[in-house]
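Here the structure is laid out as C-alpha cells; the discussion comes afterwards.
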Amino acid sequence: MFSYLSKLKWYFKQHKLRYIMIVLLLVATNILEVIPPQLIGRTIDAINLETLTFEMMWIIFGIFMFSVILTYIMHYGWAYLLFGGAYKIESILRMKLMQKFLTLSPSFYEKNKTGDLMAKATNDLRSVNMATGFGIITLLDSTTFMITIISVMAITISWQLTLVALLPLPLLIIIEVQLGRMIHKNHTKAQEAFGTMNESALEVVEGVRMTRSYVQEDAEKERFKGMTTSYLNKFMTVAKLEALFQPLTIFVVSMSFIIAFGYGAVLVNNGTMTVGEVVSFNIYLNMLIWPMFALGMLFNVMQRGNASLDRINDVLDKEDDVGDDASEMLSDTTIDFDEVSFKYPSSHRQNLKNVTINLNSGESLGIVGKTGSGKTTLIKQLLKIYPPGTGQLVIDGINITKLNKKELREKIGYVSQENILFSRTVKENILFGNPNATEAELEAAIVNSAFDSDLARMPKGLHTLVGEKGVALSGGQKQRISIARSLIKDPDILILDDALSAVDAKTELRIINNIKETRAGKTTIIVTHRLSAVQHADVIVVLDDGEIVEMGRHSTLSKKDGWYSEQNRYYLTGGDGDDRN
C-alpha cells in the first residue's frame, strides 16, 4: 500500500493543496458523523432520567439535522476532489504511455506484444484509477474515521470496553496483509494472461480472411478458447482471494460485538456505564463495520493498483536504445556508407556486412537483390531507428550518431513495405505527410503518385474512408496513397521501400517518370525487385546476404555476368524481375 503511494509521490507533490483539502474535509466529516450517536445516547439517558423536555428535544433534533446535512456537503466535496484527481492521474499516465510508445525503437516492439501493451493502456490504467480514487478514499476515510470513532468511544464512553472490544482487530490486519501480497502476485499473472488473450484477439480479427481461406475457424476457436480459459483461471484465483475479505471482516466484527455486549452488560451491572452509553457504544461499533471492511478492500484495490502500476512503469522506465541527444543540423544530403556492418538486437548473425556506398546530393540510388538480402535493413540505417553498428554512416559530412532523430526524419520521406494507413479519409491520410499543405500541393501529390484516376472513381473522392488499415482499398491503391503522403512532404531524401510492387508496369513507369521530373536535384532511394524501377538510377547496388555483390549503373551491370544481368534478361523476355532460385 505505502509502496504504491511512494511510486506516485511526484503526483501528490504537484497537487498537494488538493490532497490537504481532502484530508481536512475528511476529518471534519468524520467529526460530524460521531455527533448523532452521542445525541441518541444522551436522549436515551434523558428519557430514563425523565429530564427530556420539549425544548431539549427540538435542540437535539436541530443539531442532528444540521450535522447530517453538513456531513453530506463535505462528503460530496472530498469525493469530488479525490475522484477528479484519480481520473487526472490516469490521463497523465495514459499520455506518458502514448508518448513512450511513439518514441521507443522497433527493438522494444520486437520484445513486447501489441495485446499486452494495449492491456497496460486499458486494464492496468483502470486499476491505477481505482487505487488512486477508491483506494485513497478508502485509506483516508477508513483510517481517519476509525481513529475518530475509537477515540470518541475510549474518551467519552469507556476506554476499558473499547480496548477489549477491539482485541480481534490485529488478527484482521495481519491476515489481510498476507492476502494483499497474494493478490498482488496473482493479479500480475492475470494481467499478463489478459495481454496474451488480447494479442490473440487482435490476430484473429486481423487474420480472419486468411483463417477462412484455410478453413481454420475451428482450430482458431479452440486456440482462443485455451487462452480465455487460462485468463479465466488466473482471474478466478484473484477473485477467490478477494472473496475471503468480506467473511473475514464479518467474523472479526461479530467477535467484537459479542465481546462488547458481554463486557458492556457487566459494566452496566457494576454501575460503571449507563444503558444509553452502551447503546451509543454499540452504534459506534456498528459504524466501525465500514472502515474494517474497507481495510480489506483497501489491501485488495491497492495491491491490484500496485501490480498494474509496476507493469506501466516497466514501460515508462524503458530508455530508447537509439540516443537522441545530438544537435547537428543537415544542409546537404550527400550520403556515405563506409564499411557499415549491422546486426539486429535479436539476430544471431550480421545482417549487413561492410557496406560502402557514396551517393552525392541530388542523385538517385537503386537497391535490388534477393528476398532477405538486407535491402530494408540498409534503409533503416538512414532512419536511425536502431542502435548504430560498426563503420561510418555520414550524411552531409556528419556522422549519423551526431544527428538529431527528429531533424533527420523531417528531411526524409519514407514509404515502407507495410503501407500503413489510418482509419480516416483519403485526404487525411495524404495530409498526414504535411498537414499544412495547400490544395495545389495536395493535387500535385495525387497526380504524381498516379492516384488521380482511382480517386475519380471513388463516390466520395478525397472524403472516402479507407477503413481500418486501408481494408477498403486494394494493395496498389494503398501504395499510391502512401507515396502521395510522402511526396506532399517534398522531402530532401525520398525513400521508396518496395513501394511499387502492387502496381502494374504502366502505372509504375508513370510514377517513376513523375518522380524523376519533380525531384530533379533531390536525393531519391528506391528499393525494389523490379529492375524497371531503378534503370534510371545514378547508382545501383545489388545486395546478397547483407553484402554488396554488384554496383554501378544499369548500362554497366546489365552487361556483366551476375545476378543483375540475369534478372534483366528475364525481365526483357517477359518476366517481372522477381527472384528465381
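Just one residue in the set F134, F108 is assigned to a helix (DSSP H, G or I) and closer than 30 Å to L169 by Cβ; that residue is F134.
Taken over region 536-554, the criterion of being more than 22 Å from S341 (Cβ to Cβ) and either at pLDDT below 90 or among the charged types (D, E, K, R) (or both) is satisfied by H536, D538, R553. The set of residues in region 148-172 being touching a residue at least 12 places away in the same chain (Cβ under 8 Å) and either within 24 Å of Y19 (Cβ to Cβ) or acidic (D, E) (or both) consists of T148, I149, I150. Among the criteria (1) free of Cβ contacts under 8 Å to residues at least 24 places away in the same chain; (2) under 23 Å from I379 (Cα atoms), the one S453 does not fulfil is (2).
Looking across region 197-215, the residues that are assigned to a helix (DSSP H, G or I), more than 15 Å from the chain's Cα centre (by Cα) and not basic (K, R) come down to M197, S200, A201, L202, E203, V204, V205, E206, V208, M210, T211, S213.
Listed here are the helices (runs of 4 or more DSSP H) enclosed by region 1-69 that have at least 2 residues being of a type in the set (D, E, K, R) and closer than 30 Å to D310 by Cα: 9-14, 16-33.
Hey, can you tell me all the residues within region 435-456 that are in contact with a helix residue (DSSP H, G or I) (Cβ under 7 Å, 6 or more places away or on another chain) and farther than 13 Å from T518 by Cβ? Break it down into steps so the answer makes sense when it comes.
Restricting attention to region 435-456, the residues satisfying the condition of being in contact with a helix residue (DSSP H, G or I) (Cβ under 7 Å, 6 or more places away or on another chain) are 437, 442, 445-446, 448-452, 454-455.
Within region 435-456, A437, L442, F451, D452, D454, L455 qualify.
Considering region 164-222 alone, what residues qualify as being within 21 Å of I289 (Cα to Cα) and surrounded by fewer than 13 Cβ atoms within 10 Å (Cβ to Cβ)? Correct list: L167, P170, I174, Q178. For region 406-434, name all the residues that are assigned to a loop (DSSP other than H, G, I, E, B), basic (K, R) and without any contact (Cβ under 8 Å) to a residue 60 or more places away in the chain. Correct list: R424 only.
Could you tell me which residue of region 512-527 is nearest to S373 (Cα to Cα), considering only residues that are among the β-branched types (V, I, T) and touching a Gly at 6+ places or on another chain (Cβ under 7 Å)?
Quick first cut of region 512-527, residues among the β-branched types (V, I, T) only: 512, 515, 518, 523-527.
Next, only the ones that are touching a Gly at 6+ places or on another chain (Cβ under 7 Å) stay: 523, 526.
Details: T523: 23, I526: 15 Å.
The selected residue is I526.
Residues that are modelled with pLDDT of 85 or more, among the aliphatic types (A, V, I, L, M), in contact with an Asp or Glu (Cβ under 9 Å, 6 or more places away or on another chain) and farther than 15 Å from N358 by Cβ within region 382-416 comprise I398, I412, V415, listed in sequence order.
The values are calculated or read from the model by the stated rules, or taken from the named source; none is laboratory data. Nothing here was measured: the structure is a model prediction, and the numbers come from that model. Glycine also receives a Cβ, built like all others from the backbone with ideal geometry; neighbour counts cover every protein chain displayed.
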